[in-house]
Structure formats: structure tokens, C-alpha cells
Amino acid sequence: GTVAQGTGGPILGSPLPSHLRDRTLRPGMTDASTPTLVVRGGTVVDGTGAAPRVADVAISGRKILAVGENLPMQGAREIDARGMLVTPGWVDPHTHYDAQMLWDPHFTPSTNNGVSTLVIGNCGVGIAPCQERMRDFLIDVCDAVENIPSAALKEKVKWDWETFPEYLAVLEKIPLACDVGVLVGHTAVRTWVMGSRANLPDRPGSTVKVTQQEIDRISKVVEEAVAAGALGFSASRVGLHRDTKGVLTPGSLATPDEMLAVGAGIVRGGGGVFELASDWTLYDDVEQKDWKQVGAHQRRDWKWIGKVATMNPQKLLFTTGMGTGMTKASANDHRGFLGQVDKIVADGGSIMATPMMRLGFLNFSLASGTHPFQASRTYRRLARKANMPMDEIVKGMADPSTRAAIIAEASEVKPGHPAMPLFNVVLDAPSFLWPWSADTEPKQRDSIGARAKREGRHILELCYDVLSRPDLPHGGVLWKALYNYGSGDLEPLREMLEHSQVVPGFADGGAHMAVQCEATTPTTMLTHWVRDRTRGPKLPIEMVVRKQTADSAAMMGLFDRGELREGLKADINIIDFDKLRVLPPQYRNDLPLGAGRWYQEVEGYRMCIVSGEVTYEDGKPTGALPGTLVKNPRGVGLQGSLKGSVPPADENQVVEEVDLSEHAMKLASQQGVGMSGAQRALRGSQETPKSRL
């Protein structure tokens, strides 16, 4: 296969300060022995930003022994990679496999997408530290925010830990298909320190404050987590990140003093990253935003972010997600955002931005139960027939009288109907709703809304025809843009990725499984941005590879991987670039207890190698599990026992419950951008797995 170089302009300089770019080999980093494996004659894109070249890669044990043309050595195994692309394994800094890794050592579908290192614990969500009495609370947050089913969590999470160091000790014992690093999340830290009070300061109109003593304890818990091996800390300031009662996740309205104390804790622990997910509008939990207050809130947040990022740039790197909205007016918001990043860098700070590198989207299908025809009595009767498989439902929908009845009944839905939230999610803004296709950058003229207008047909008719496609056993899939598409193309994302302080992020593997599968993002980076894009400039393959290998690894403080270079970790992808493609999404009921999720396969990965062992061959797992927990190499080490020095909250005081369900749930189900709100609207429409199969 040929490797087409992109045309997106020159490769930009390294996004990291010089002290973070130092990859000088240290004692013990090489294995001076004969190779166990040699990859011969591939087109090597080595992760440094250098142009592709034909070379061999020799591996000895877990590390790279040599890279060069016609290496004069014989491996115990020789792999012919002529015509193939050879890259470092992908480093994914933003996933949510915190629970899934306890039953799925392959982190599917990330590892079959070439990911060799991933990071869990993002967006402030995690399952450690956690005292026994607060387990259900953390499970509830994971369920509500990340759509990890609580029943699956309760079935599979054995809670062999309380403190964060104890949690790491458990993870160290699990054989894995790739390496995993962990961030300690704000929700868990707040819950450990404050117990039942954890989210009281984040409730509407709350007068509860986090005390200085609690802030000090939060800082100490973060310090000890980083010292023990956490790669850093994560937080959320997103209005749609709420528990199942509709309350904002703990820390959503945290004060600058609390955030600065967290940063200080990271530094004392040895150094790491401070990851933030924010919608940049959450000044308070109010229904109607005052945009003057939003502006003031943004200025306050950038002020404390600047202080954290410049606190100790040698030890602390701030990372934040970013994106654009769904209106033309918001399509270029990223420019002001990146201007703030540039200012912090000019002031000597250490900061990176991590956007999702494709449009954010939702999936709808008959199998997932998330579609407007759930409102039809005729459809529900059809779907309830005993043991009717999905292909039989699709066949039944082909009957003209059934089709007419289902569409007519669905079109009668009015405000106040139980299905109305689902209708809003699926059918609002139909110019951003498409039948799924491999085109990552669809044109609005091909949308359901544009076609309905052009053909003089009702939107529901077109949706019906897509969802009940007779040539597909489970029908078709509808695909709706949720953010990053206000311009109607991905030009703003290209501008972001070309910025020196940006690496790809928010693939969100393991999260939002009822509505999407974004874990194929590393593959899409190659198929769309390097090879297939037609609606704007492509990007150079050497830049794209570097961004999601060496730069992503360095951002997380991991300098032993991310490049194909002597002495570094032998994480390698061998890719048939011409045949690389992302397959259509499927809805599977393969989670514990038969819970469902969206899933996507890919084709074109000839081999995935982790720590010198082949973990996937032609897309199939080999059974090798060489992956392990990656501890923060900068952590100073925990002093004392794994229990740490900060005991959990004293729960002798009874916390008065505040009845705010109506207000909070109204906010939680608001339509608009944000996965959690969409999940809530869709969840009520989903039937049990048995009734769908």
C-alpha cells in the first residue's frame, strides 16, 4: 500500500516545553541482546515528525533494539511489512474504561484500533478513592455521566480497595492488552473528603461552602494519589454532567482556591497533569444563562487556569478539552480559546488543548431502541412479539400498511407526550441528521432535513426508510451531529489540530455507550485527515502520527514510548493503509447482564504490538496480554501504608436532603449539546435487551 502524504502545510514545532521534550536515553532503557522480532521493510512513520521512510524495526524483549534500513540481524520472528505503514502504537489520553477494564482486558474497541496506551479517570469521574458507604453514589455518577450501566458496575466492580493507592495496587495485578494510566477524579476525591456533603456546594442556590480544612484534605488526597502513581487529576465543569437525581457532579462549581490547592497537591506529589472538561458557561446551576455572567465566569476560569499552568511548569501540565458549537456564530470560537492558550504559554505556562477530532454525534437505530417510532403503538406491538429477532422486525416494517400506521402514529406526538424528549433529540435540527456513511464530513444538502424539503416528504418517512433498510439485517443507522459542526465542515478542527498546543483527545472510549462510539478516532485520524478528506486540506501523515503518539505520550509525562527509536518501548502498529477503514456502527448487547452499547469494528490493522508482543493480528486478538498499569514516573512515592494519611469523611452528622429534583432534572434533560442530557432523553425510550433481540 502506498502512503499518501497530506497537503496540510508544514509540520509545526513540538507543542511541549523543552524539558518535556527531553527523551535522552537513561541507564537501563536498552536491551543489548538479539532481537525477538524484526519488522522488515515497512514505511516507517516514527512519531518524531520526520517524513516516512522505508526501514526495519528490531525488537528485543519489551523494547526497540534498532531502527534502520536492512538491519543486519535475524529475529526469532520476522514480519514482512513491505507496503505497510509502521507507526508507534497510539496513545489515547481520554477514555473512561475505569469499570470496563475490570471485565474486558482488551478495552474494546480501543486496542483493536491500535491503541497501546490509554488513560482512564477523565472528566472528574472515577471509582477511587471510595469509602464503603459511598459506593452507590460513585456508581450512580458513572452511570449518569458516562452511561456505564449501574447494574453492570454493581455486578463486576468488586471494591477490593478504598484509597487510591489501594486501587492502583489492584489494577497492577490485572493482565491487559494495552498499558493504562489513571487520573484521580474530582468526584471521587470530593466524596472521600466530604462524604454526603460532596455535591452540596454544587446545588442550585446552595450556601454550603467547602471549608478550608476540606480544601487542605482534598489537596493532600491528590498529592498522595500522584505520589502513588496517578498521572494527575481530572475535573468537570460541564452543566450536563449530573448524577441520576439531576445534581451537578461534585466539584462542578469549585472555587479557584480549591482548584489551586489541587494544583499544589499535584506538584507536591511529584508532578503530573491537571485535566479539565468544561462547557465554559457553568457559573451557577441556573436554568436561564445570563451571558454577561457567563463572560465573567470565563474570565475567572482562565485566570485560575493560568495560575495553575504557571504554578510549576516543570512539574504540572494543564490540559483542557475544546470544541466548537452548532451555529455559524460559534463555529470559530476556537480561535479565542487558542488565544487564551497562547497567552498562558507566553507567560511561561504549560498547557495543552485536546479537542475531539471529528464532529460529535449521536447514533440511532432500531436495535438500540433510540428512535422516534418507539412512540408508535404499532411498532411497539411488532417489537414485543415473542423472541422476534431484529431482522424479523425489519421485515415486518416493510409491509406498506404497517409502515403507514407507524409513521402516522409517530407523527401524532405532541408536547407533553412521554416520547417528546426523544423526538427532540432525534428530530430537532434535521439539517444535522444523516443516514450513517463512512463520510466523516457530510454535506448538509445530504441531510435528512434537506432531503425532506427537496423531496416534499415528512422527516419521519425518511427516518423510517433508513432505520428499516431491508438490505441490512438490523436496519440502518441515523447519525446526528451534536457539536463541532456549526460551519458545516471540519475546517475549524483542522485549524485546531495544526496548532502547536493541541493533540487529539476526547475519543471517550468506554463512555456514552448508549448513544455513540468514538473509540475509532485514532483510525479516523488516518482515514479522514490524511487519506480521504475532500472538503479541505488534508494533514501530513507525519504530523498526525506524531500528535497521537509522541506528543500525547509526552503530555501525560510518559517519555518511554511514542517514537520508534532505540531504547523506547516496543509499541508498534503495522497498517495496510490503503485498506484501512472504519466499519458501520453496530448496537451490541455484550456488556454484563446483557446491557447494550454502540460498537465499531475497523479493518486494515495487520498487527498491533504492545511491549514487543503481538496482541492483534489481522484484527483478531492473539490472546497475549502484555499490558500493565503505568504509574506516574514523576511520582515521589507514597510514604507509609496504602491507606494514606487522609481518612474518609466523618459521617456522624446527618446531611439534610434538599428536594431539588424538579429543577435539577429539568436542567439535566435540556436539549442541546452534551452527551449526558441526550442519554437521559434516550434512556427512557430503550426497551430491555430481551425485547429488542
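The values are calculated or read from the model by the stated rules, or taken from the named source; none is laboratory data. Every value quoted in this text rests on a predicted model; they were computed, and no experiment measured them. Neighbour counts run over all protein chains shown; Cβ positions are idealised from the backbone, glycine included.
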Pairs, please: C-beta under 7 Å, at least 6 apart or cross-chain, first residue more than 15 Å from residue 537 (Cα to Cα) and in segment 492-505, second of a type in the set (Ser, Thr, Tyr) and in a helix (DSSP H, G or I)? 503/552; 504/521
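Would you say residue 465 is outside the structural domain of residue 354 (by TED's automatic domain parsing) and surrounded by fewer than 23 Cβ atoms within 10 Å (Cβ to Cβ)?
When the stated conditions are applied, residue 465 passes them.
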Going through (1) surrounded by fewer than 20 Cβ atoms within 10 Å (Cβ to Cβ); (2) within 24 Å of residue 518 (Cα to Cα) one by one, residue 459 fails only at (2)
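Evaluate the following for residue 333: is it among the charged types (D, E, K, R), touching a helix residue (DSSP H, G or I) at 6+ places or on another chain (Cβ under 8 Å) and surrounded by fewer than 24 Cβ atoms within 10 Å (Cβ to Cβ)?
Working: among the charged types (D, E, K, R): yes; touching a helix residue (DSSP H, G or I) at 6+ places or on another chain (Cβ under 8 Å): no; surrounded by fewer than 24 Cβ atoms within 10 Å (Cβ to Cβ): yes.
In short, no.
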Subset of segment 208-267 (residues that are assigned to a helix (DSSP H, G or I) and among the acidic types (Asp, Glu)): 214, 216, 223, 224, 257, 258
Determine, yes or no, whether residue 188 is closer than 14 Å to residue 230 by Cβ, part of a helix (DSSP H, G or I), modelled with pLDDT of 95 or more and out of contact with any helix residue (DSSP H, G or I) (no Cβ under 8 Å at 6 or more places or on another chain). no
Given (1) touching a Lys or Arg at 6+ places or on another chain (Cβ under 9 Å); (2) at pLDDT 95 or above; (3) not aliphatic (A, V, I, L, M), residue 651 misses just (2)
Subset tally (residues that are closer than 17 Å to residue 194 by Cα and assigned to a loop (DSSP other than H, G, I, E, B)) for segment 129-165: 5
For segment 515-629, list the strands (runs of 3 or more DSSP E) that sit wholly inside it and hold at least 1 residues that are of a type in the set (Val, Ile, Thr); which are they? 572-575, 605-610, 613-617
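Being assigned by TED's automatic domain parsing to the domain that holds residue 235, surrounded by fewer than 22 Cβ atoms within 10 Å (Cβ to Cβ) and on the phi < 0 side of the Ramachandran plot is true for just one of 144, 151. Which residue is that? Working first, answer last.
Numbers: 144 fails: surrounded by fewer than 22 Cβ atoms within 10 Å (Cβ to Cβ).
Answer to the check: 151.
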Spot the failing condition for residue 592; the list is (1) modelled with pLDDT under 95; (2) farther than 22 Å from residue 176 by Cα, and only one is missed. (2)
Select from segment 345-376 the residues that are in a loop (DSSP other than H, G, I, E, B), over 21 Å from the mean Cα position of the chain (by Cα) and β-branched (Val, Ile, Thr) and list them in ascending order. 370
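Restricting attention to segment 79-88, does a residue exist that is of a type in the set (Asp, Glu), touching a Leu at 6+ places or on another chain (Cβ under 9 Å) and not assigned by TED's automatic domain parsing to the domain that holds residue 175? Break it down into steps so the answer makes sense when it comes.
Taking segment 79-88 and keeping what is of a type in the set (Asp, Glu), we get 80.
Now drop any that are not touching a Leu at 6+ places or on another chain (Cβ under 9 Å), which leaves none.
No: zero hits.
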Out of 34, 24, 48, report the one residue that is β-branched (Val, Ile, Thr), within 30 Å of residue 349 (Cα to Cα) and at pLDDT below 95. 24
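Out of 371, 334, 417, I need the residue that is under 30 Å from residue 307 (Cβ atoms) and not aromatic (Phe, Trp, Tyr). Which one? First the steps, then the outcome.
Details: 371 fails: under 30 Å from residue 307 (Cβ atoms); 417 fails: under 30 Å from residue 307 (Cβ atoms).
Testing whether each residue is under 30 Å from residue 307 (Cβ atoms) and not aromatic (Phe, Trp, Tyr) leaves just 334.
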Any idea how many residues of segment 571-627 are under 24 Å from residue 440 (Cα atoms) and free of Cβ contacts under 8 Å to residues at least 12 places away in the same chain? 1
